[in-house]
């Protein structure tokens, strides 16, 4: 893809969505966002926000999660799916934060990805929204939109991330997280994408060849 095409895509997205970078997961601090992001795997942000509304009233600190009863936490997060693995990872993650990081969530991506249940996607959410470090978060929407626009042919989220890092200027890394999600939810849907309504339709290879 030509640099001018990428520039046009980014310009139109900025015009459509602005440069504010909201976080769709409700949180008040770094550890809450970390736990919410772990819960968001294979689950909608709306469902996670419903669960964490009560969850963060019950468990008010990293220490509280570190000392949580596994079976009880499983019940608390049951509706987010994959609750057994998520509960195990949340407790183990918070124990690491308590024991190795003084209860604080690190900024360094290498340290973040040593935490149980934390991969590059979760780490980059923290880096973007807590530490304001330019980072690309590849969820299902970001991956799908990037492939349809011809920005990548990769399926693996980590490979998509690194390819986008090469093609997207660093000052827009955090922006595209929001832009691609908004476009993916409203127009570039997985099923029945509304291509004729899309402000990128003249630049999109998928519109002309959806196979």
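Can you find, within the range 138-158, the residue that is farthest from residue 207 (Cα to Cα) among those that are under 15 Å from the mean Cα position of the chain (by Cα) and surrounded by fewer than 17 Cβ atoms within 10 Å (Cβ to Cβ)?
Here the residue is 158.
Scan the range 88-109 for residues that are part of a helix (DSSP H, G or I) and either within 19 Å of the chain's Cα centre (by Cα) or not assigned by TED's automatic domain parsing to the domain that holds residue 122 (or both) and jot them down. Let's see the steps before the verdict.
Taking the range 88-109 and keeping what is part of a helix (DSSP H, G or I), we get 88-100, 109.
Across the range 88-109, the qualifying residues are 89, 90, 93, 109.
Can you name every residue in the range 175-194 that is surrounded by 13 or more Cβ atoms within 10 Å (Cβ to Cβ) and part of a loop (DSSP other than H, G, I, E, B)?
187, 188, 189, 193
Looking only at residues that are part of a loop (DSSP other than H, G, I, E, B) and in contact (Cβ under 8 Å) with a residue 24 or more places away in the chain in the range 195-211, which one is surrounded by the fewest Cβ atoms within 10 Å (Cβ to Cβ)?
Per the stated criteria, the residue is 199.
Quick check on residue 124: is it buried (at least 16 other Cβ atoms within 10 Å of the Cβ), touching a residue at least 24 places away in the same chain (Cβ under 8 Å), under 19 Å from the mean Cα position of the chain (by Cα) and assigned by TED's automatic domain parsing to the domain that holds residue 62?
Yes; evaluated as a whole, the condition is true for this residue.
Determine which single condition residue 1 fails, assuming it passes every other condition in (1) outside any loop (DSSP other than H, G, I, E, B); (2) more than 19 Å from the chain's Cα centre (by Cα); (3) over 21 Å from residue 185 (Cα atoms).
Of everything listed in (1) outside any loop (DSSP other than H, G, I, E, B); (2) more than 19 Å from the chain's Cα centre (by Cα); (3) over 21 Å from residue 185 (Cα atoms), residue 1 misses just condition (1).
The values are calculated or read from the model by the stated rules, or taken from the named source; none is laboratory data. Keep in mind the model is a prediction, meaning the values are calculated, not measured. A quick note on method: Cβ atoms are made from the backbone with ideal geometry, for glycine too, and the neighbour counts reach across all protein chains shown.
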